[in-house]
Structures are given as structure tokens and as C-alpha cells.
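The values are calculated or read from the model by the stated rules, or taken from the named source; none is laboratory data. These figures come from a predicted structure and were not determined experimentally. As a convention, Cβ positions derive from the backbone with ideal geometry for all residues, glycine included, and neighbour counts pool all protein chains shown.
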Amino acid sequence: MKYADEFRDREKAQILLREIRQLADSIEITKKRPLNIMEVCGGHTHSIFRYGLEGMLPPSIELIHGPGCPVCVLPMGRVDDCVAIAERPGMIFTTFGDAMRVPGSKKSLLQAKAAGADVRMVYSPLDALALARKHPDQDVVFFALGFETTMPATAFTILQAEAEGITNFSIFCNHITIVPTVKAILDSPDLQLDGFLGPGHVSMVIGNSPYAFIADYYKRPMVVAGFEPLDVLQSIWMVLKQIVEKRAEVENQYARIVPEHGNPPALEAIGKVYELRDFFEWRGLGSIDHSGVRLKEAYARFDAEKRYALPNISIADPSSCQCGEVLKGVLKPWQCKVFGTACTPETPVGALMVSSEGACAAYYQYGGITRQSPADADMVV
């Protein structure tokens, strides 16, 4: 395939759906309960709802929306730390756009900007470094967040700042890792999962071998999936095929993008600049061991956590917000008691309604408040 519309072909989708129904009908467990397949990445969640895929699947398959949205899993206390840095005199605080409106305990970065803080949206950490060059008399901090997908860009920027001898640039490091997160979900007693759609963008960096424990230890199939409709449907078919054949393997549907062993230059930069934290707090998931990274001591001068005094306080979400249950797949977004009423994209209570990859934002934008019935669903092409 060469063009995007080939990955959205209606006839091919119908063939895959027929195959999926036949496989699902042949799995004994579906006579008792639906098969629970988690798409780890928020990008998959948006594709699923944008193209109406969930409504096209048989009722015997339940898609569980996982924690693969880095903005969504950011706890309130870390947002408060961002605001504290941004409100320092002479500070330029830079961030990706989808982190601007994530609520802290008192305000978001956007509200801090409205109150006078110099908060600027950038498209890459190199944009933040360019601001540091342009404003040598001001401190510039980049809000570094994301899974392994965005870690290399931040690492290369740190190395560039070191090479140029730039002293007024640092990062507030909130990069997180995918493997401990998936393990924490698999160890959770709240959720029975039968298979996974693996994150395509993360896997582009780390490859497929880090997921081997899912198949080897937990005996669950994982298929690293692309983001077009046919990618998602084929990946679901591949998961079902493994279940029918009583296999548990890591397979790569997204082979056109994801190399088996990852991206060597990116992995080298990650290994050079970062080290694992002992633990990191996640919104809704609590503290997960070795699930975040920080800068190594050799790069401590670029670490905003060491350069500035931060509140560093753990703060619980509002009692009305059920982001944690949604992140763990225990609730669907529309089952949250404030979804679509008190919590909307214009007035978000939780981070899942803010991010472009958030499950609640996907439901709100494409799915409405109640789940669409399979009989009424059709794919947009």
C-alpha cells in the first residue's frame, strides 16, 4: 500500500470484520463474557472512534482503552510544579500545546499564562532551545513529557545544549516508560485482559523485544499496531488468531514503520542522557516502580528539578473525577459521573478530556455520551 486511502478501504474492512466475527464465534470464552482487548496507545483510541470501529465489532469483543496518553497520566502535583516554575520572575516556560490546559490543584498552565506567566507553546524541545539562545538573559525551561516516543528528541536537545555551552536552558523531566505500566495493569486484580494492541509510536523507538514478558510470563498475545482503520482491524484479527491457535506471542502488524529491534541512534541517546527513577507517580495508577526517567548526574545542570525549588506535593484528583478508573480500563469514559456535563473539553475536570490522545476527548468528539450500537455504526472513509 502506498496511499492513506488504501488503509481506509471499505471492502477490505468488511472482509476483516467477517474474519473477526468468525474467529470470535469460535472462541469458547466468548459464550460467557466478551474478550477484553486493550489498546495501550491513545492514538489508537482516537482512530477507533474516528472511524467507528468499536461499533462495527461483534459484541463478543470489548475494547479497553489503556493509559497510553502521557498527558493524561500526569498527576496534579506535577502540574503544580510546572506552574511554580512558570511563575518564577524572568522565566520562559515552554510546553507542548496539549499540556497547557491540564488542571493542577489551583490552576493550569494556560491560566498561569493568563495571569502573567510567560508560558509558550512549542512544537519540539529544539524550539525551546532556540528561545534560550534568543533570550540569554532569561531562564528557559522545557516541559519534557511523553513515553519513549518523545524521549530521544529531548535527549538530543540536551546534547545539543551541552555542545553549544548554553547555560540558561533546562528541562522539567516527566518522561515515562511503557513496560512497567503494562506490567502494573496486568498485575491489577480489577481487570481481566485477553490481549493487547501494542503502541506503534513507542515501538518505533524501542522495538518489539521489550514486550516479550507479556507473552512469556503473562501468556497474553500482543500485536504492535498501526493507526489507520485497516491497521487496527488487522491487529485485532491477529490477536484473535493467536487466541484461537492457543498462542501467546508478540507480533508486529506495523512492520512498515516499526523495526524489530528499534531505532539504535534513539536508544543510544536515551541510554546516554537518562536513568530510571526508583518510582514515579501516575494519575489514577499510583506509584509505579522504575516507570519514569530523570537526567543522569552528568547532565544535572539541565535538570529543572535540581535548579529550582518545587512544591513536589502529591495531590489527589477531585472526588468527582474518575480518570483513574478510565485509565485502568475499569470504566468507559461515558460511565464517569461528570463526563459531558461538568467535564467537557471547554471546562475539563480531568486530563483525559484535555489531551488530543485522551480517551474521554475521543468519546466526546466522536462517540457521544452513550455507546453506539453495532447495528447503527458505519465507518467514515
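Report those helices (runs of 4 or more DSSP H) wholly inside segment 61-150 carrying at least 1 residues which are in contact with a Pro (Cβ under 7 Å, 6 or more places away or on another chain).
76-86
Could you list all residues from segment 166-197 that are touching a residue at least 24 places away in the same chain (Cβ under 8 Å) and surrounded by fewer than 16 Cβ atoms within 10 Å (Cβ to Cβ)?
Answer for segment 166-197, where residues must be touching a residue at least 24 places away in the same chain (Cβ under 8 Å) and surrounded by fewer than 16 Cβ atoms within 10 Å (Cβ to Cβ): 167, 188, 190, 191, 192.
Which residue, of 20, 27, 85, is touching a helix residue (DSSP H, G or I) at 6+ places or on another chain (Cβ under 8 Å), touching a residue at least 60 places away in the same chain (Cβ under 8 Å), under 24 Å from residue 199 (Cβ atoms) and of a type in the set (Val, Ile, Thr)?
Residue meeting the stated conditions: 20.
Which residue pairs have Cβ atoms closer than 9 Å, lie 6 or more positions apart in sequence or on different chains, and pair a first residue in segment 297-312 that is more than 20 Å from residue 129 (Cα to Cα) and outside the structural domain of residue 141 (by TED's automatic domain parsing) with a second residue that is aliphatic (A, V, I, L, M) and assigned to a loop (DSSP other than H, G, I, E, B)?
From segment 297-312, no pairs qualify.
Can you confirm whether residue 227 is surrounded by fewer than 24 Cβ atoms within 10 Å (Cβ to Cβ), in contact (Cβ under 8 Å) with a residue 60 or more places away in the chain, part of a loop (DSSP other than H, G, I, E, B) and touching a helix residue (DSSP H, G or I) at 6+ places or on another chain (Cβ under 9 Å)?
yes
So which of 147, 93 ends up being crowded, with 22+ Cβ neighbours inside 10 Å and either of a type in the set (Val, Ile, Thr) or touching a Phe, Trp or Tyr at 6+ places or on another chain (Cβ under 8 Å) (or both)?
93
What's the total number of residues in segment 319-337 that are assigned to a loop (DSSP other than H, G, I, E, B), at pLDDT 70 or above, over 19 Å from the mean Cα position of the chain (by Cα) and surrounded by fewer than 18 Cβ atoms within 10 Å (Cβ to Cβ)?
The number of residues fulfilling the criteria is 2.
Kindly indicate which of 265, 259 is of a type outside the set (Lys, Arg), modelled with pLDDT of 80 or more, surrounded by fewer than 16 Cβ atoms within 10 Å (Cβ to Cβ) and outside any loop (DSSP other than H, G, I, E, B).
Unique residue meeting the criteria: 265.
Considering only residues that are in contact with a Pro (Cβ under 8 Å, 6 or more places away or on another chain), within 16 Å of residue 253 (Cβ to Cβ) and not aromatic (Phe, Trp, Tyr), which ones fall in segment 163-211?
195, 204, 207
For residue 45, are the conditions met, namely being more than 30 Å from residue 138 (Cα to Cα), buried (at least 23 other Cβ atoms within 10 Å of the Cβ) and hydroxyl-bearing (Ser, Thr, Tyr)?
So residue 45 fits the description; yes.
Is it true that some residue in segment 17-38 is in contact with a Gly (Cβ under 9 Å, 6 or more places away or on another chain) and part of a helix (DSSP H, G or I)?
Within segment 17-38, not a single residue is in contact with a Gly (Cβ under 9 Å, 6 or more places away or on another chain) and part of a helix (DSSP H, G or I).
Kindly establish whether residue 273 is among the β-branched types (Val, Ile, Thr), surrounded by 23 or more Cβ atoms within 10 Å (Cβ to Cβ) and under 23 Å from residue 197 (Cα atoms).
no
Under the condition of being outside any strand (DSSP E or B) and surrounded by fewer than 21 Cβ atoms within 10 Å (Cβ to Cβ), which residue from segment 276-288 is modelled with the lowest pLDDT?
The qualifying residue modelled with the lowest pLDDT is 285.
List the residue pairs whose Cβ atoms are under 6 Å apart, where the first residue sits in segment 248-270 and is touching a residue at least 24 places away in the same chain (Cβ under 8 Å), the second is part of a strand (DSSP E or B), and the two are 6 or more positions apart or on different chains.
From segment 248-270, the pairs are 250/222; 251/223; 252/224; 253/223; 254/224; 258/224; 258/252.
So, of the residues in segment 162-195 that are acidic (Asp, Glu) and part of a loop (DSSP other than H, G, I, E, B), which turns out to be modelled with the highest pLDDT?
Across segment 162-195, the extreme among qualifying residues is 194.
Could you check, for segment 198-210, whether at least one of its residues is of a type in the set (Gly, Ala, Ser), part of a helix (DSSP H, G or I) and free of Cβ contacts under 8 Å to residues at least 40 places away in the same chain?
no
Against the conditions (1) touching a residue at least 24 places away in the same chain (Cβ under 8 Å); (2) out of contact with any helix residue (DSSP H, G or I) (no Cβ under 6 Å at 6 or more places or on another chain); (3) under 28 Å from residue 149 (Cα atoms), where does residue 3 fall short? Just the number, please.
(1)
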